[in-house]
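**Student:** The following block contains the structure, expressed as structure tokens.
The values are calculated or read from the model by the stated rules, or taken from the named source; none is laboratory data. Computed from a predicted structure; not experimentally measured. Reconstructed Cβ throughout: ideal geometry from the backbone, glycine too, with neighbour counts over all protein chains shown. Keep in mind that these areas ignore ligands, DNA and RNA; they rest on the heavy atoms of the full protein, side chains included. Shrake-Rupley method; radii C 1.70, N 1.55, O 1.52, S 1.80 Å.
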Amino acid sequence: ATQSLYGLDDDRTHNYGRKCLLARRLVERGVRFIQVYSGGGHNDDNWDAHGDLVFNHTRHAGRTDKPIAGLLKDLKQRGLLDETLVVWGGEFGRLPIAQLAGDKNVLKAGRDHNQNAMVTWLAGAGIKRGHIHGTTDEIGLKAGDQKVTVHDWHATVLDQLGMHHQELFYRRNGLKERLTSVFPARVIEEICA
């Protein structure tokens, strides 16, 4: 039943499901930081859909949806979700305009990178369940209400891990370097339980 929960009985979800099940086992054994990576292949065998966005994201979401849902459910059933912060995201969003392939077939269009609007979700330890924070403009080009900077996001994740972002630093070239840099960063209290 556990293997099925993670999608190990399905060729499409087996690989990512194994990674998520391993992550749960590592959490049980007290490992403090675990990264489960999706993608990483060459060309469009990753989430970087410059061509055929619909095919690309349908394939990758189909590979990851069941396993990540299984991980969250399994962590909750075992009483581990309350003390485990799960962070899901990438390093950028996608532009809301088409990036056409060489044959200019709009059905095969992809999208270029977008640094001004993206989605990340967090679950578990200290995060409000079902809360949505922030918006984009009407076409998804840029952040709208309740903007969150990368520095705010770092400050919030660090806070949920029990660290104060202004006190966590390393010395480099005589400077105290912080993950949130010298920019004003705030913990996004609205998403914290």
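**Student:** How would you classify the chain from its alpha-carbon gyration tensor, with a ≥ b ≥ c the square roots of the eigenvalues: rounded for a/c under 1.5, else prolate if a/b is greater than b/c, otherwise oblate?
**Tutor:** Since a/c reaches 1.5 but b/c is at least a/b, the shape of the chain is classed as oblate.
**Student:** Let me check something: with ligands and nucleic acids excluded, how do 34, 68, 139 order by accessible area (1.4 Å probe), largest to smallest?
**Tutor:** Ranked from most to least accessible, the order is 139, 34, 68.
**Student:** Further, regarding this structure: At what distance in angstrom do the alpha carbon centres of region 1-63 and region 65-79 lie from each other?
**Tutor:** Computed from Cα coordinates, the inter-centre distance equals 13 Å.
**Student:** Among the GluC sites (Glu not before Pro) in region 27-118, which ones are in a DSSP loop with at most 14 other Cβ atoms within 10 Å of the Cβ? Mind listing them?
**Tutor:** 91
**Student:** Taking the DSSP beta bridges in the chain as the whole, what percent of them are antiparallel, to the nearest 5?
**Tutor:** 100
**Student:** Give a quick list of GluC sites (Glu not before Pro) in region 112-193 that DSSP marks as loop, anything other than H, G, I, E or B, with at most 15 other Cβ atoms within 10 Å.
**Tutor:** The qualifying sites are 138, 167.
**Student:** Considering the alpha-carbon set of region 110-193 alone, what are its Rg and its Dmax in angstrom?
**Tutor:** 14.8, 45
**Student:** With a 1.4 Å probe and all protein chains in place, put 84, 58 in order of accessible area, largest first.
**Tutor:** 58, 84
**Student:** Express the carbon and sulfur contribution to the solvent-accessible surface of the chain as a percent, rounded to the nearest whole number, probe 1.4 angstrom. Write out the running numbers ahead of the final one.
**Tutor:** Working: 6660 of 12760 Å².
Its accessible area is 52 percent carbon and sulfur atoms.
**Student:** Are there trypsin sites (Lys or Arg not before Pro) in region 90-193 that DSSP puts in a loop and that have at most 14 other Cβ atoms within 10 Å, and which ones?
**Tutor:** 104, 128, 129, 142, 147, 186
**Student:** If the cut-off is 23 Å between C-alpha atoms, which lysines fall inside it for residue 76, apart from same-chain ones fewer than 8 positions away?
**Tutor:** Answer for residue 76, where 23 Å is the Cα cut-off: 19, 66, 128, listed by chain and number.
**Student:** If you take the C-alpha gyration tensor of region 1-105, multiply each eigenvalue by 5 and take the square root, what semi-axes do you get, largest first, in whole Å?
**Tutor:** So the equivalent ellipsoid measures 31, 15, 11 Å along its semi-axes.
**Student:** Now a separate question. Using a cut-off of under 13 Å, list every residue of region 29-62 whose amide N is near the label point 7 Å from the Cα of residue 78 along the Cα-to-beta-carbon line.
**Tutor:** Answer for region 29-62: 29-32.
**Student:** Enter the accessible area per residue of region 52-175 (Å², integer; probe 1.4 Å; all protein chains in place).
**Tutor:** 65
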